[in-house]
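Shown next, in structure tokens, is the structure this report addresses.
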Amino acid sequence: MLAGQVVVGWLSSSSFALMVLFGSLRPSAAYFGLTGSEPLTILPLTTEMEEAATKAHYKVCDRLKLEKKQRRMCRRDPGVAETLMEAISMSALECQYQFRFERWNCTLEGRYRASLLKRGFKETAFLYAISSAGLTHALAKACSAGRLERCTCDEAPDLENREAWQWGGCGDNLKYSNKFVKEFLGKKSSKDLRARVDFHNNLVGMKVIKAGVETTCKCHGVSGSCTVRTCWRQLSPFHEVGKQLKQKYESSLKVGSTTNEATGEAGDIPPPRRALGSSGPGTDPLPRTPDLVHLDDSPSFCLASRFSPGTAGRKCYKDKNCESMCCGRGHNTQSRVVTRPCQCQVRWCCYVECKQCTQREEVYTCKD
Ligand SMILES: *[C@@H]1O[C@H](CO)[C@@H](O)[C@H](O)[C@H]1NC(C)=O
């Protein structure tokens with residue numbers, strides 16, 4: 001398996017700074033973030049966009065295709081525009097990461113995303129939750145990083161705690177970001193079941209952020225004696241949030257249906273948030289639940305449809321997910337030789353020395 005070709009490579013440490021980029025994404029209709037109508041082609045943030053964000057953030061706000069109030073909120077501070085962009089990017093990457101082994105791999109390409117948003121699948125629920133979570137997270141961090149004009153570090157929570165230790169440092173400002181996100185995403189509309197489902201799933205995203213807040217402390221004093229501690233509140237890493245939302249996706253509760261035989265096939269026509277007749281499940285209240293909720297059973301995502309490109313040609317992992325990923329169509333096996341850096345060691349000072357290892361690898365892809 002292992003060929004013995006060995007080369008010593010000299011890698012400067014800066015070459016480890018990788019930019020994660022993702023493919024071309026196209027526009028659709030609805031809300032914000034992955035559920036919004038902004039063309040995701042504006043991502044990822046290029047230097048050109050970053051310049052635009054500081055110089056003329058109005059342009060960024062316009063390109064985000066926001067609703068009237070959202071646009072006003074975006075325009076009032078260059079930091080907000082930048083944070084909105086960051087939130088979308090973060091949510092998109094996390095969604096694709098969480099679904100990398102699934103049939104639906106969080107394809108965000110315009111028409112697929114638009115079709116998904118018209119329906120109330122578990123996947124749709126996830127998109128709402130990860131979008132609001134991403135925005136809440138990015139804003140709270142932006143506050144503590146000093147990138148927003150209207151907020152700063154999280155304040156000391158209560159006086160009792162302040163006596164026990166010194167409340168200091170700069171906490172992530174969840175209070176401000178929650179307030180902002182609630183205003184930005186709008187109030188609950190009562191009649192329309194789909195709107196209530198979306199609203200609920202947005203809240204689930206925000207609550208997962210809140211539940212992940214941890215108090216972090218740092219000791220001061222003679223050799224770690226910790227006579228003085230400073231503490232602040234910190235959000236959990238967004239990967240952790242994504243993981244929890246993925247679990248909630250898996251146990252999502254079905255609370256009704258937007259479709260019948262007729263509309264099920266005509267899913268392109270109804271707008272994303274349509275009112276349901278009073279005889280339908282629209283009159284039932286949503287259960288009070290910390291889970292995600294959805295309305296429609298998901299398609300299999302096996303074959304190309306308006307919801308996904310299907311799994312033909314997708315890479316899978318033998319004895320792990322090929323069976324389910326390929327939907328019983330079987331997989332192709334390809335053998336290839338890969339060369340990659342290995343046995344890397346940091347040498348004083350300041351470079352990394354690696355060998356190049358050549359290895360035979362099997363690649364499995366789903367059959368058409
Ligand atoms: C998702 O799968 C499709 C093929 O079905 C592929 O073209 C696309 O690059 C994948 N996207 C991501 C983000 O992995």
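Quick note: the coordinates plus some simple rules give every number you see, no bench work behind them. For clarity, every value in this text was computed on a predicted model and none was experimentally measured. Note that each Cβ is placed from the backbone with ideal geometry, even for glycine, and that neighbours are counted across all protein chains shown.
Numbers for the structure displayed
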{"quantity": "Theoretical gain in end-to-end length, R329 to S37 [0.36 nm per residue, Cα-Cα removed]", "calculated": "101.6 nm"}
{"quantity": "Inter-label distance, nm, simple model (7 Å from Cα along the C-beta direction), R229/E362", "calculated": "5.2"}
{"quantity": "Segments 193-200, 175-182 sorted - mean Cβ within 10 Å per residue, highest first", "calculated": "193-200, 175-182"}
{"quantity": "Dipole-positive endmost among V346, C357, T311 within segment 311-367 (Cβ charges, Cα centre)", "calculated": "T311"}
{"quantity": "Computed E for K182/L303 - FRET, C-beta separation, R0 51 angstrom, nearest 0.05", "calculated": "0.80"}
{"quantity": "Estimated dipole of segment 311-367 in Debye, rounded to 20 [Cβ of Lys and Arg +1, of Asp and Glu -1, Cα centre]", "calculated": "120"}
{"quantity": "H294 long-range amide H proximity, modeled H, under 5 Å", "calculated": "L253, K254, V255"}
{"quantity": "Order by protection proxy (mean Cβ within 10 Å, highest first), peptides 127-135, 142-150", "calculated": "127-135, 142-150"}
{"quantity": "Under 5 Å, built H, 5+ apart or other chain: amide partners of D154", "calculated": "G171, D172, N173"}
{"quantity": "Contact order relative to length of segment 311-367, as percent, for alpha carbon pairs under 8 angstrom and 6 or more apart", "calculated": "49"}
